[in-house]
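The values are calculated or read from the model by the stated rules, or taken from the named source; none is laboratory data. From a predicted model like this one, the values you see are computed outputs, not experimental measurements. Backbone-built Cβ (ideal geometry, glycine too); neighbour counts: all protein chains shown. Each accessible area value is taken on the protein alone, full model and side chains, heavy atoms only, with ligands, DNA and RNA left out. Shrake-Rupley method; radii C 1.70, N 1.55, O 1.52, S 1.80 Å.
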Amino acid sequence: MMQRFPTQATVENPRYGQLIIGPPGSGKTTYCAEALKFYRELGRQVGVVNLDPANENMSYEPVLSVMELITVEDCMEHLKLGPNGALMHCAEYLADHLEDWLLPALRKLSATHNYFLFDCPGQIELYTHHTAMARVFERLERERYSLVTVNLIDSHYCSEPAKFIATLLMALNTMLRMSLPHVNVLSKADLLKKHETKLHFNVDYYTDVLDLKYLLDKLDDDPAMRKYHKLNAAICSMVEDYALVSFQLLDVFSTDSMLRLRNHIDKANGYVYKAGEEQTVNSLLACTVGAETEAARMEHDVQPYVD
C-alpha cells in the first residue's frame with residue numbers, strides 16, 4: 001500500500017528577511033528606506049533592523065538598532081581602536097550577544113512583523129574574510145528565518161574594467177562564504193546614463209557577466225595593468241568556472257525597478273510560495289527564471305537605464 005505524504009510542508013508563522021550588504025556608498029541605507037515604504041504599500045508586515053553600529057544617518061525609523069547595544073564611536077573612544085578595528089569589534093560583540101539581545105528582541109517583534117530588512121555594515125571584509133556576520137546570519141537561519149543576501153554594488157564600477165573584475169571577485173567570495181540565497185544588484189542604475197560613454201560594452205554584458213576575455217583585452221590596453229595579465233586572467237577564469245555571478249539593475253526611486261527586483265528576491269527567499277498568501281499562476285511565473293522572452297527582459301531590465 002502506498003504511503004500518503006502531506007502535499008505541502010508548512011512552517012508556522014514563517015518569517016522572511018533580506019540581508020542588505022555591500023561596500024560603503026553603495027546605497028544600502030537608501031535602499032532600506034525606499035524598500036520599507038515599497039513593501040508596506042504591498043501590504044507586508046515589514047520592519048528595518050539596523051545592524052550597522054556606525055549608521056548615524058538613517059533615513060528610516062528602525063524597529064531595532066544595534067546602536068542600542070554598541071556603537072563604533074564608543075569602541076573607538078574606550079578601546080582606542082581605529083574605525084575598521086572598532087567595526088570588527090562591534091560585529092564580534094553582536095555575534096556574542098545573539099541569544100541575550102538580538103534574538104529575544106526579534107521574537108517580540110515577530111508578533112507584529114514577519115518580514116525584516118537587515119541593514120548591515122559596509123565594511124566588505126566582514127563578509128569576505130571575517131566570520132562574525134556569517135555567524136549572525138547562520139543563527140538567524142537556524143531561527144527559521146527564510147533569508148536572502150542582497151549585495152548592493154555601485155553601478156559606476158562597470159565603467160572601469162579593473163574595478164569591475166574586483167567587483168566580480170568580491171561578489172563570488174561573498175556568495176561562497178555566506179552560503180545563502182544571493183542576489184547581486186547594481187545600484188544607482190539611474191545614473192548609468194552619465195557613465196554610458198565610458199562603458200566598453202552594452203549594459204547586458206555586465207549584468208549577465210558575459211565572456212570576460214573581452215574585458216581582459218581592455219585591461220591590457222592600460223600599461224599599468226598589463227603586467228598583471230596572468231593574475232587578472234586567473235580571476236576571470238575562476239569567476240567563469242563557478243558561473244554564479246550575475247547582476248540585477250536597480251533604481252530605488254522607480255516602482256517598476258523595485259518590482260522587478262522584488263520578483264528575484266521573493267523567489268530567492270521563498271516568499272513567493274508563502275503559505276496562506278494569495279497565489280496566481282501569473283504571480284508564480286513572474287518569479288520564475290525564463291518566464292519571459294529575452295526581448296521583454298531587455299526592455300524592462302536594461303533599456304530604462306541607457307539612451
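The accessible area of residue 135, taken with all protein chains in place and a 1.4 Å probe, comes to roughly 100 Å².
Taking the average, over residues, of other Cβ atoms within 10 Å as the packing measure, peptides 215-222, 201-208 rank 201-208, 215-222 from highest down.
Of the solvent-accessible surface of the chain, computed with a 1.4 Å probe and all protein chains present, 52% belongs to carbon and sulfur. About its Cα centre, the dipole of the chain is roughly 520 debye, where the only charges are +1 on Lys and Arg Cβ and -1 on Asp and Glu Cβ. Highest mean packing first, where packing is the average number of other Cβ atoms within 10 Å per residue, the peptides 45-55, 185-195 line up as 45-55, 185-195. Split the chain at each of the GluC sites (Glu not before Pro) in a DSSP loop with at most 11 other beta carbon atoms within 10 Å, and the longest piece is 57-277. May I ask for the distance between the Cα centers of segment 145-171 and segment 210-275, given as a whole number of Å? After rounding, the separation between the Cα centres reads 6 Å. The residues of the chain present an accessible area of 51 Å² per residue when probed at 1.4 Å with all protein chains retained. Listed by chain and number, the lysines whose alpha-carbon sits under 18 Å from that of residue 230, ignoring those within fewer than 8 places in the same chain, are 163, 213, 218.
Legend: Rg and Dmax of the chain, from Cα coordinates, 20.5, 73 Å.
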